[in-house]
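Participant: Take this structure, written in structure tokens, and hold onto it; I'll ask about it next.
The values are calculated or read from the model by the stated rules, or taken from the named source; none is laboratory data. Fair warning: this is a prediction, and the values are worked out from it, not measured in the lab. Just the protein is used for accessible areas: all its heavy atoms, side chains included, with ligands, DNA and RNA removed. Shrake-Rupley method; radii C 1.70, N 1.55, O 1.52, S 1.80 Å.
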Amino acid sequence: MRASGTFTVRAFVPIEGVPAPAVPTGLPVGVATMEKDFEGEVVGRSATLFTAAFDQATGVGTYVAMESFVGSLHGHEGTFNFAHSATTSGSDRTGEFFTIVPSSGTGELDGITGTGGLTVESDGTHRVWFEYALG
């Protein structure tokens, strides 16, 4: 099944600290928490641990995120985790990875497996989709 929707970022909160021991690289590494709200065939909210090596001035970098979702896909209610990452050179999105974490589903989403993706449209709309199976 495929469920798609849009999301808004309710909060993005940088966390102080760096990996230890510190290793100087060409891009700074940062960590933040995020909260998102979802609408469409995907309804709910998520809490995210977000890490990135990113240059704000050029828009170049890579992120890795782990999200905990609570809500519904096509009306099936529950929770699950999903992980995703991507790289940008400032105007593109490459090297994308997106997976639903096995054994993380609860409620009517117990046994969920699958993949998905994210896009950010030129008007700033954030879209998400899940290609999933329940089992």
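Participant: Over the chain, what is the relative contact order in whole percent, taking alpha-carbon pairs under 8 Å and six or more residues apart? Show your work: numbers first, answer last.
Facilitator: Numbers: 351 pairs, mean separation 28.2, N = 135.
Computed over the chain, the figure is 21 percent.
Participant: Mind grabbing the accessible area of Asp110 for me, 1.4 Å probe, Å², rounded to tens?
Facilitator: Taking all protein chains as shown, Asp110 has close to 90 Å².
Participant: Quick one: how many Å² of Glu39 are accessible to a 1.4 Å probe, rounded to 10?
Facilitator: My reading of the accessible area for Glu39 is about 130 Å².
Participant: With Rg/Rh (Cα atoms, Kirkwood Rh) as the read-out, I listed [x] 1.13; [y] 1.07; [z] 0.99; which label goes with the value calculated from this structure?
Facilitator: [z]
Participant: Also, I was wondering about something else. For Met1, Met66, Met34, write out the residues from largest to smallest accessible area, computed with a 1.4 angstrom probe and no ligands counted. Present the calculation step by step, with values, prior to reporting the outcome.
Facilitator: Values: Met1 115, Met66 85, Met34 25 Å².
So, going from the largest accessible area down, we get Met1, Met66, Met34.
Participant: Right, next: Report the Cα centroid-to-centroid distance between the stretch 16-68 and the stretch 69-105 in angstrom, as an integer.
Facilitator: 13 Å
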